[in-house]
Each structure stands twice: as C-alpha cells, then as structure tokens.
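For reference, the structure is listed below as structure tokens.
The values are calculated or read from the model by the stated rules, or taken from the named source; none is laboratory data. Not measured: the values here are computed from a predicted model. Methodologically, a virtual Cβ is constructed for each residue, glycine included, from the backbone with ideal geometry; neighbour enumeration extends over all protein chains shown.
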Amino acid sequence: MEQQTQFHYLIGVDGGGTGTRVLVVDRFGTELARANAGPSGLMHGATAAWRSILAAIESAFAEAGLPVPELNQMAIGCGLAGVNNKQWAIEFVAANPGFAGLVVETDAGTTLLGAHRGKPGAIIALGTGSVGEVMQADGTRREVGGWGFPSSDEASGAWMGLRAINHVQHVLDGRSPSDEFATAIVDFCGGDKDAVFAWLGGATQTKFAQLAPIVIQYAGSNAKARSILLEAGLEVEKMANALDPSGIMPIALCGGLAEAIWAYLPETLLQRVMKPLGDSAVGALILVKNQFMKS
C-alpha cells in the first residue's frame, strides 16, 4: 500500500482542554514547525476543536515560511482529550474539514506513544485533566483515571483549582484565616466575594485549571497551597501503583504540570518516574505514520 505518495505533509496534534499543539513534518519525516492554538479537547465541541487545530496548523506553516497547503495534501493524527466519549469522537470525525487521512486517539494514547517512542511503558499525564495509561510488551493497553472532571482528574490543574477555590470560600466565610494565597486567588477572580461568585457561575474545567499556576506559585510559602500539591503527589503515586503493581516498568510523568509537581512526589515514586522521550504531538505523529505510512 503506497499511501505515502498521497500525502505531502503529516500533522501530529496534541489537543487538550486548555490548548492545542501541532507538529508538522514533510513526507520525508523532516520536522518543519510546531505551533500552538486554543483548546481542542472535545468537551468544547467538534467545531471548536477543528477551529483550534486549523489555527495551529496555519501558524505552523507560517512559522515554516510556507503557504498553507490544501487539506487533501495532509494526513493528520489527533490525540484529543474527550475521545473516550464515543459520541464526541464520532462528531469530530464527521466534521473532518477535508484532510485526506485522519486518525483519532485519546490524548493519553498519543502521550504514551510519544513518551516511550512507541515502546512498552506507562505514562501519567498531568495537565488540565489527568490520566494514566500503560502499554505492555504485547501491545495491550490499560487506562487508570481519565473519568473526567470534577469526579476524577486527580492531581490535574482543574483538580488543584477546585481545591484552591474551596480554600477561598472558607477564607471569605471566616472558616479559615486569610492568607496571601487566598488573596491571590480572589484577585485573579475579580477582587471580591461578588466577583468570585460571578467567576464560579461561568467556571469550567479549563477555568479551574487556570488557578493551578497560583497554587504552584504559593506552594513554597503557604501551607494550604503546599498541601494541595502534596496531596496531588499522593494521587500520582496511586495511579502509578495501579498502572504497574510490579514496580518495574518505566513511568513517564508528562503534561504541562509534570515539572511543577515533581518536587512534591513521594520519595518512593521518585525512584520510578522518568521524563518522557517525546510529547503527545510526537505520539500523534507516530500514530498517523503507523496508520498511513506502512506498506
């Protein structure tokens, strides 16, 4: 099957609830550019997801100094948050704006592929949401977490933000003493109790995750912020133990919050985790190559 002549470009997409990253290569596998755009997690809808993906692709070709080609010259692999919801995935595929090749996977699946360059191993991805996944030597895969916010997504940005805003509620009620951490959250939400109420009225998973950098910022000086990250570290350890009870497989800590949470992981877990060899966009590229470039 000589499908590789059909495509001039291959696109790897990492689509989450907060942002989208794309990696563009030519048909020879030479990297041309990377670019970012708004969220393309499927919880925002198929139309919004495609809008962000197309915007990121346009930016990538601009970065490469190339005109944006016709979509039918490209094959695209998408690792997207929300693909576990089958209806969302169906709607996304049906809304394909014209790519000649399309393959869709969970963002956890592409993160797993990228982290170990397609080889066996496990990942725990921490971003707007969170999920763990393992791929055994025989190719079988199993997922831990990924049930969605607010019931799951432990140790994620949204999970941290939810706990931060709960702390603010306690402070504003007088149930907890005021501190600089709570003040910073209130300021972010608009500056007073009424503004916090209004912010909560429109709060989404993405908006809660926007509070995570404040949690991280104050964790070194504030006991409450630090306790949130330490609890997150324990949740990461639970996921690691569920993914690999034997404790022998490589576990890559991935996602936008991986670096920040590293210092708050239990000591026993630090002996098992590693940094990923590649990111989710790289994994999405492996996905599309596996689908369309094999004879």
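Of the residues Gly15, Gly82, Gly29, only one is crowded, with 22+ Cβ neighbours inside 10 Å and at positive phi; which?
Gly82
What is the one condition in (1) free of Cβ contacts under 8 Å to residues at least 40 places away in the same chain; (2) surrounded by 14 or more Cβ atoms within 10 Å (Cβ to Cβ) that Ile216 does not satisfy?
Answer for Ile216: the failing condition is (1).
Here are some residues: Leu162, Leu172. Which one is touching a helix residue (DSSP H, G or I) at 6+ places or on another chain (Cβ under 7 Å), in contact (Cβ under 8 Å) with a residue 40 or more places away in the chain and part of a helix (DSSP H, G or I)?
None of the others qualify; the one that does is Leu162.
Output the residues belonging to region 53-78 that are surrounded by 23 or more Cβ atoms within 10 Å (Cβ to Cβ) and either touching a Pro at 6+ places or on another chain (Cβ under 8 Å) or free of Cβ contacts under 8 Å to residues at least 60 places away in the same chain (or both).
Of everything in region 53-78, those that are surrounded by 23 or more Cβ atoms within 10 Å (Cβ to Cβ) and either touching a Pro at 6+ places or on another chain (Cβ under 8 Å) or free of Cβ contacts under 8 Å to residues at least 60 places away in the same chain (or both) turn out to be Ile53, Ala56, Ile57, Ala60.
Quick check on my filter: what residues within region 91-127 are touching a residue at least 24 places away in the same chain (Cβ under 8 Å) and of a type in the set (Val, Ile, Thr)?
Once the filter is applied, which keeps residues that are touching a residue at least 24 places away in the same chain (Cβ under 8 Å) and of a type in the set (Val, Ile, Thr), region 91-127 yields Val103, Val104, Thr106, Thr110, Thr111, Ile123, Ile124.
Taking into account only those residues within region 244-282 that are assigned to a helix (DSSP H, G or I) and surrounded by 22 or more Cβ atoms within 10 Å (Cβ to Cβ), which is modelled with the lowest pLDDT?
Looking at residues that are assigned to a helix (DSSP H, G or I) and surrounded by 22 or more Cβ atoms within 10 Å (Cβ to Cβ), I get Ser280.
Restricting attention to region 104-123, and to residues there that are over 15 Å from Met274 (Cα atoms) and polar (S, T, N, Q), which single residue is surrounded by the fewest Cβ atoms within 10 Å (Cβ to Cβ)?
Thr106
Could you check how many residues of region 1-58 are of a type in the set (Asp, Glu) and within 17 Å of Thr111 (Cβ to Cβ)?
1
Which of the residues belonging to region 124-143 are surrounded by fewer than 24 Cβ atoms within 10 Å (Cβ to Cβ), part of a loop (DSSP other than H, G, I, E, B) and not aliphatic (A, V, I, L, M)?
Matches in region 124-143: Gln136, Asp138, Gly139, Thr140.
Consider Gly148 carefully, then state whether it is within 17 Å of Asp107 (Cα to Cα), in a loop (DSSP other than H, G, I, E, B) and of a type outside the set (S, T, N, Q).
Spelling it out, Gly148 is indeed within 17 Å of Asp107 (Cα to Cα), in a loop (DSSP other than H, G, I, E, B) and of a type outside the set (S, T, N, Q).
Considering only residues that are within 17 Å of Gly38 (Cα to Cα) and of a type in the set (A, V, I, L, M, F, W, C), which ones fall in region 204-217?
Within region 204-217, Phe208, Ala209 qualify.
Results for (1) at pLDDT 95 or above; (2) among the acidic types (Asp, Glu); (3) within 20 Å of Asn36 (Cα to Cα), shown as yes or no for each residue.
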position	(1), (2), (3)
Ala64	yes, no, yes
Trp88	yes, no, no
Pro97	yes, no, yes
Ala108	no, no, yes
Ala125	no, no, yes
Thr128	no, no, yes
Gly132	no, no, no
